[in-house]
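S.K.: One structure is given below, represented as structure tokens, and several questions about it will come after.
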Amino acid sequence: MTSSLEALTSLAHQIDEHGDWWRFPTESIVQGFMGSDQLFIVGDQPSTSPWEYHNPNRRAFYDALASVGAQNAHVTDLYKKRGPSGALRSGLPSDFGEHLGLFRRELEVLRPRRVVALGAHAYDLLHEHVPEIRPLLARLWHFAYAVRYNKMAEYPERMRIAFASQGV
């Protein structure tokens, strides 16, 4: 029987095989895509930002995850291919189904108890295209919104509220 970590590693390799696909990196105690808790945090699509260690959005998001004890949450995007911010709002690409299938495999591996969408667009996509998770679905500000509008002081508490669920 394959362990969750082995299954996630296999999925990570599938993502990494594509030069224009991306997954949340592991750093220090924050596990990113390799997080194996039953808490999923899901964005709509990765941006084209290099997302280096000192990137203000990365620091804000990862530091907040660590501060609320969610460092082993599974952090992912519904659509793995990098693109300009908001690209999925103008219509779904022809390969969306492939990405949806990959996301459903992530769900099968970890069987989340809570799925938290990063922003309204991720929430809408998940609600429409992954209806089986609706009872588990919550919404949180996207970390870029919290940084851009100087709301980082509120962000950890917003995380705690969004993550709150029986068993999480």
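Values in this text are rule-based calculations from the coordinates and carry no lab data. Predicted model, so just to flag it, every value in this text is computed and none were measured. Here the Cβ positions follow ideal geometry from the backbone for every residue, glycine too, while neighbour counts run over all protein chains shown.
S.K.: Run the dipole for the stretch 84-168 about the Cα centre, Lys and Arg Cβ at +1, Asp and Glu Cβ at -1, nothing else charged, and hand back the magnitude in debye, nearest 20.
M.R.: For the stretch 84-168, the charge dipole is close to 320 debye.
S.K.: May I ask for the longest run of the chain untouched by trypsin sites (Lys or Arg not before Pro) that are loop-located per DSSP and have at most 16 neighbouring C-beta atoms (other than their own) within 10 Å?
M.R.: Longest gap between qualifying sites, sites excluded: 1-112.
S.K.: Can you tell me the length gained on complete extension of the stretch ARG59 to MET152, counting 0.36 nm per residue apart and subtracting the Cα distance?
M.R.: Full-extension gain reported as 32.4 nm.
S.K.: What is the magnitude of the charge dipole of the stretch 62-124 about its Cα centre, with +1 placed on the Cβ of each Lys and Arg, -1 on the Cβ of each Asp and Glu, and no other charges, expressed in debye to the nearest 20?
M.R.: The dipole magnitude comes to about 100 debye.
S.K.: Further question: Assuming 1.567 mPa s and 4 °C, estimate D for the stretch 94-151 with Stokes-Einstein, Rh taken as the Kirkwood radius over Cα pairs, in µm²/s.
M.R.: 104 µm²/s
S.K.: Turning to a different aspect of this structure: Between exposed GluC sites (Glu not before Pro) in the chain, where DSSP calls loop and at most 14 other Cβ atoms lie within 10 Å, what's the longest gap?
M.R.: Answer - 53-153.
S.K.: Work out the length of the dipole vector of the chain about its Cα centre, built from +1 on the beta-carbon of each Lys and Arg and -1 on the beta-carbon of each Asp and Glu, and round it to the nearest 20 debye.
M.R.: Computed about the Cα centre, the dipole is about 480 debye.
S.K.: Roughly speaking, what is the centre-to-centre gap between the stretch 6-39 and the stretch 103-159 when only Cα atoms are used, to the nearest Å?
M.R.: A separation of 17 Å, based on Cα centres.
S.K.: Please list, ordered by chain and number, the residues whose modelled amide H lies under 5 Å from the amide H of VAL116; skip anything fewer than 5 residues away on the same chain.
M.R.: PHE40, ILE41, VAL42, ALA138
S.K.: Moving on. Could you give the length gained by full extension between ARG104 and TRP51, i.e. 0.36 nm per residue of separation minus their alpha carbon distance, to one decimal place?
M.R.: Computed gain between ARG104 and TRP51 is 16.6 nm.
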